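Step one of this worksheet: look at the structure below.
The values are calculated or read from the model by the stated rules, or taken from the named source; none is laboratory data. Note that the structure is predicted; figures quoted are calculated from it, not measured. Here the Cβ positions follow ideal geometry from the backbone for every residue, glycine too, while neighbour counts run over all protein chains shown. Calculation scope for accessible area: heavy atoms of the full protein, side chains included, ligands and nucleic acids excluded. Shrake-Rupley method; radii C 1.70, N 1.55, O 1.52, S 1.80 Å.
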Protein chains: 2
Amino acid sequence: MTVPPGRRERKKAATRQRIADTALRLFLDRGYDAVGIRDVAAEADVAVTTVFSHFASKEALVFEQDEDFEQRLVRAVTDRAPHEPFLPALRREVRAMVRHCTGDDAAPIWRMVDASPALRQYEESMRLRHAESLAVAVAADLGLARTTTACRAMARFVADAHALAREADDPDTAVDEVFRMIEAAWDAARPFGAPSGTAGS
Amino acid sequence: MTVPPGRRERKKAATRQRIADTALRLFLDRGYDAVGIRDVAAEADVAVTTVFSHFASKEALVFEQDEDFEQRLVRAVTDRAPHEPFLPALRREVRAMVRHCTGDDAAPIWRMVDASPALRQYEESMRLRHAESLAVAVAADLGLARTTTACRAMARFVADAHALAREADDPDTAVDEVFRMIEAAWDAARPFGAPSGTAGS
DNA sequence: AACGTAACACTAACGGTTAGTGTTTCGGAA
DNA sequence: TTCCGAAACACTAACCGTTAGTGTTACGTT
């Protein structure tokens, strides 16, 4: 992770990035559906199979930073200030992520996503993966042996918050609104004794 | 809807049912991935295109009663007893739906679904559609002009409840647990004045 | 310098899905 | 009753995402 990467890994990363950039450019130019994998491969000057060795599917070309988002959610919990409840930390992170999505530079991408059923579906399944990771992280943070139903529900609610806010007219307000609901839900769920305003979670 | 259906419509429904039954039988026999659309079409004695004129995708063959489930959710709200809050009604309905999924006769189907990523993804996107319909129904029930963020969040939470409970060790308890969270979330969301125990919602 | 491995290329195919083009069958209007 | 239009259905042929199989390079390592 911290060792200097060799030429091989640099080349691999470069190829991956070239493919992703090419794909995104073509998608935005001609439309997602109008561009085939063969087009992307030709334009990036690689073989079709090489595309699929770097990306699991055509949709994954668009959500290139998938894992970054997942890590951000998990780290918002694990790396938060000591004694801070995790929900406010999550709220901040979700708000930042939504802001990033609705920013001017990313807006064309998300307009494309909204226009394509396949991409929307992929986005949702991605979000579910993130929610599962978040549930695991929260359960671990609480010292639970396994991810309880309450943890998983809360994590899904957070994912829902992201999805709803991204589409809302006023994303910031939507995040706050849904997170108020989530905080109440979490308070109602936990048999952990302490109310949400105090330490422990 | 209530007029006696003509021969044409009966034939169409019969063909649809024959295709669905054949598909499900083959899927359970040989496995979802091992059965192709061409196999289903041949066994049901129809053309491949006919299959796709009745079902939008291969996955839709498995979730044949998709719209039934959607209607049940919506009707749980619209047809509930007067003055009853809608959340308890929804909870009953979700509990019944989960019971039906985990029943002995339906169990093989859901085992197949759990084994196939494609089917799981389809199930989730189906659930999102149901959630949207539910959000619209609830907004209408509350006399709102449009589906607010709170309504949509709550509807997604209900969908999450279904998803989580279906996979939980103890489905009934899981439904109760998540619905306790949802009731608290809803109470926190609404600026409607009345608490959840009273009339109005 | 030689070896093992991982990235990449190429062909060919598989399977879901659709377009295009008829053909039959039925319900309703004339 | 007769005819017309629409809808169900069939058939071919493809498109496109995806993968298996098989090499071929290029790199890190010993």
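Placing a pseudo-label 7 Å from each Cα along the Cα-to-Cβ vector at residue B:176 and residue A:65 gives an inter-label distance of 4.5 nm. Per the Debye formula on identical point scatterers at the alpha carbon atoms of segment A:1-158, with no solvent, log10 I(q)/I(0) at q = 0.08, 0.09, 0.19 Å⁻¹ is -0.30, -0.38, -1.17. Summed over qualifying helices (DSSP H, 4 residues or more, each -39500 (n - 2.57)) and divided by its residue number, chain A shows a 222 nm mean residue ellipticity of -23500 deg cm²/dmol. Restricting the calculation to Cα atoms, segment A:66-189 yields a radius of gyration followed by a Dmax of 14.3, 43 Å.
Hey, what's chain A come to in accessible area per residue, 1.4 Å probe, Å²? Each step should come with its number before you reach the end.
Numbers: 10260 Å² over 201 residues.
Result: 51 Å² per residue.
Mean-square fluctuations from a GNM of chain A, with a 10 angstrom spring cutoff on Cα atoms, peak among A:161, A:184, A:145 at A:145. For segment B:94-137, list residues with backbone N below 17 Å from a point placed 7 Å from the Cα of residue B:28 toward its Cβ? Answer for this model: B:100-116. By the gyration tensor of its Cα atoms, with a ≥ b ≥ c the square roots of the eigenvalues, what is the shape of the protein assembly as shown: rounded for a/c under 1.5, prolate for a/b over b/c, or oblate? Because a/c hits 1.5 or more and a/b fails to exceed b/c, the protein assembly as shown counts as oblate. Sparse packing (at most 14 other Cβ atoms within 10 Å of the Cβ) combined with a DSSP loop state is found for the following trypsin sites (Lys or Arg not before Pro) in segment B:106-191: B:146. Relative contact order of segment A:7-55: 34 percent, from C-alpha pairs under 8 Å at least 6 residues apart in sequence. Between A:100, A:130, A:83, the Gaussian network model of chain A with springs among Cα atoms under 10 angstrom shows the greatest mean-square fluctuation at A:83.
What residue among A:86, A:52, A:27 shows peak mean-square fluctuation when chain A is described by a Gaussian network model with Cα springs under 10 Å? Looking only at A:86, A:52, A:27, the biggest GNM fluctuation is shown by A:52.
Per-residue mean of other chain beta-carbon atoms within 10 angstrom of the beta-carbon, peptide B:175-186? For peptide B:175-186, the averaged partner shielding equals 6. Interface size, chains B and A: roughly 2500 Å² of accessible area buried, both sides included, 1.4 Å probe, rounded to the nearest 100. Per the 1.4 Å probe, what fraction of the accessible area of segment A:124-164, in percent, lies on carbon and sulfur atoms? That fraction is 54 percent.
Each of B:112, A:88, A:26 was placed along the dipole of the protein assembly as shown (beta-carbon charges, centred on the mean Cα), and the one lying farthest toward the positive end is A:26. What separates the residue B:100 label point from its copies, with the point 7 Å along Cα to Cβ, is 4.1 nm, written shortest first. Simple point charges give the picture: +1 on the Cβ of Lys and Arg, -1 on the Cβ of Asp and Glu, and for the protein assembly as shown a dipole about the Cα centre of about 600 debye. Over chain A, calculate the relative contact order: mean separation of alpha carbon pairs under 8 Å at least 6 apart, over the residue count, as a percent. Once divided by the residue count of chain A, the mean separation gives 20 percent. Look at the dipole of the protein assembly as shown built from charges on Cβ: of B:65, A:54, A:103, the Cα furthest out on the positive end belongs to A:54. Using alpha carbons only, how many angstrom separate the centre of segment B:104-144 from the centre of segment A:135-177? Cα centroid of segment B:104-144 versus Cα centroid of segment A:135-177: 19 Å apart. A Cβ-based charge dipole, computed about the Cα centre of chain B with Lys and Arg at +1 and Asp and Glu at -1, lands at about 800 debye. Using the beta-carbon distance between residue B:39 and residue B:118 and R0 = 22 Å, what value does 1/(1 + (r/R0)^6) give for FRET efficiency, to the nearest 0.05? Taking R0 as 22 Å, the efficiency between residue B:39 and residue B:118 is 0.85.
In this structure, residue A:13 and residue B:105 have a Cβ-Cβ separation that, at R0 = 41 Å, corresponds to a calculated FRET efficiency of about 0.20. The mean number of Cβ atoms from other chains found within 10 Å of a Cβ in peptide A:151-160 is 5, as a whole number.
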